[in-house]
Amino acid sequence: MPSFFLQLRSLCLHSALAALALCAAVPVAAQQAWTATRPIRLVVPYPAGGGTDIAARMIATGVADHLGRPMVVENKPGANGVIAADYVYGAAPDASTLLFGSGDVISLSPHTYTNYRFKPDGFAAVAPIARIGVVLAGRPGLEPKTLKDLVASVKTRQYTYAHWGPGSNGRVAMEIFQTQTGAKKMLDIPYLGTAPGLMALLAGQVDLMLVPTPLVIANRGKLQVYGVASPTRYAGLPDVPTLQEQGYPVNGDIWFGVLAPPGTPQPAIDAIRAELGRVVADPGVQANMIQQGLQPDTSDPARFGDFIVNENHRWGAVVKAADIKIGG
């Protein structure tokens, strides 16, 4: 009997210690939880009205509905997104300021610009959102009606084209197209964003532009459309063949994703990542994205950081192979 009581006392002691440990863990878990306490600014590196802005506003609306705090889109254009990226990179790491990053800004600018402070792999990678394609399009009334005719024409006369920054994929991919087709050197005209560039194209001020798919869908009847600069056709433009199908493998796809300043606490990243994942996985949001010319990205958000590194290497190789030197 004495041994029985000793075992009972030992069991009670262990149970009490376990209960105390459980109680002690509760405040820790509570401390690790994160909720938004003020509006979240989602900084877009381009002017309002462009493909990046359209995607950002679509996502911000869905996230704000569940976070209980507004997510406000703030446009901060300039230097192909470097200004916005530097701004968010240096912001307080409290998840109140986020970057709606893109391949243009994070994957391309480090290879084409010299004056920037952010590190592409220094951001806290929150979640991927979507991909967007670009379509080689001509101004209204441009005489070549097919890509075959355009390729023949660019070899004999100089064309002008719009893009949204010296280091943008709209510039780099067009340089690749010129190399592949043996075109005469085209005159590039930079604009602050895709929307101003498209306005110039529609006004006939420039001949060509690699236009993001959402803006092509919205202006399809006004443009000469030659092909999608993507490995595969886009769901929102199923009848438009790729340049690759027509013999010119130009991949100008742009990724979109949300990034946070370095040092942002993991609980905040996890909370926002969960909301972003919920929004992107919503069938209604996905249908809206496709209708707008976007491809929803539902890949594993935990691997988003690795994806960014790989894209940085891919575009670096493209810039080097094309011998593109921009600076700035």
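The values are calculated or read from the model by the stated rules, or taken from the named source; none is laboratory data. Quantities reported herein were computed from a predicted structural model and do not represent experimental measurements. Every residue, glycine as well, gets a Cβ built from its backbone with ideal geometry; the counts of neighbours run over all protein chains shown. These accessible areas exclude ligands, DNA and RNA; they are computed on the full protein's heavy atoms, side chains included. Shrake-Rupley method; radii C 1.70, N 1.55, O 1.52, S 1.80 Å.
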Would you mind putting 77-83, 136-142 in packing order, based on average other-beta-carbon counts within 10 Å, highest first?
-> 77-83, 136-142
Give the accessible surface of the chain per residue, rounded to a whole number of Å², with probe radius 1.4 Å and ligands, DNA and RNA excluded.
-> 44
Determine the shape class of region 244-300: with a ≥ b ≥ c the square roots of the Cα gyration tensor eigenvalues, call it rounded for a/c under 1.5, and otherwise prolate if a/b is greater than b/c, oblate otherwise.
-> oblate
Dipole of the chain (Lys/Arg Cβ +1, Asp/Glu Cβ -1, origin at the Cα centre): which of Gly49, Gly141, Val250 lies farthest to the positive side?
-> Gly141
Want the number for Thr156 to Lys185: 0.36 nm per residue separation, take away the alpha-carbon distance, what's left?
-> 9.4 nm
Rounded if a/c under 1.5, otherwise prolate or oblate - region 51-149, Cα gyration tensor axes | oblate
Ala92 versus Glu74: modelled label distance in nm, points set 7 Å from Cα along the beta carbon direction = 1.2
Can you give me the pair-distance distribution of region 77-218, C-alpha pairs, 5 Å bins, whole percents?
-> 2, 9, 18, 20, 17, 13, 9, 6, 4, 1, 1, 0
In sequence order, calculated HN-Hα J values of region 37-44 (Karplus, 6.51, -1.76, 1.60; Hz; x Gly/Pro) | 10, 8, x, 9, 8, 9, 7, 9
Please turn the phi angles of region 143-160 into ³J(HN,Hα) values with the Karplus equation 6.51 cos²θ - 1.76 cosθ + 1.60 (θ = phi - 60°), one per residue in order, whole Hz, x for glycine and proline.
-> 5, x, 9, 10, 4, 4, 5, 5, 4, 5, 6, 5, 7, 10, 9, 8, 9, 10
Of the DSSP beta bridges with both residues in the chain, give the percent that are antiparallel, rounding to the nearest 5.
-> 60
Under 5 Å, built H, 5+ apart or other chain: amide partners of Gly227 | Leu136
Please give the contour-minus-distance gain from Val309 to Leu192: 0.36 nm per residue of separation, less the Cα-Cα distance, rounded to one decimal in nm.
-> 39.5 nm
Per residue Cα convex hull volume in Å³ - calculated over region 172-212 = 76
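Determine the calculated [θ] at 222 nm for the chain from helices alone, applying -39500 (n - 2.57) to every DSSP H run no shorter than 4 residues and normalising by the residue count; nearest 500 deg cm²/dmol.
Counting only the DSSP helices, I get -13500 deg cm²/dmol.
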HN-Hα J in Hz across region 261-268 - Karplus 6.51, -1.76, 1.60, θ = phi - 60°, x for Gly and Pro = x, x, x, 5, x, 4, x, 5
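Please tell me the relative contact order of region 175-292 in percent, rounded to the nearest whole number, where contacts are Cα pairs under 8 Å and at least six residues apart.
On the way: 78 pairs, mean separation 22.1, N = 118.
It rounds to 19 percent for region 175-292.
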Computed Rg/Rh of region 213-328, alpha carbon atoms with Kirkwood Rh | 1.02
Largest-first principal axis extents of the Cα set of the chain (Å) | 105, 40, 35
Provide the gained length on full extension for the span Ala218 to Thr298, in nm with one decimal, where the gain is 0.36 nm per separating residue minus the Cα-Cα distance.
-> 26.3 nm
So the carbon and sulfur contribution to the accessible area of the chain, 1.4 Å probe, in percent, is 58
Normalised alpha carbon radius of gyration of region 84-140 [divisor 2.2 N^0.38 Å] = 1.37
Which of His111, His66, His163 fluctuates most in a GNM of the chain (C-alpha springs under 10 Å)? That residue is His66
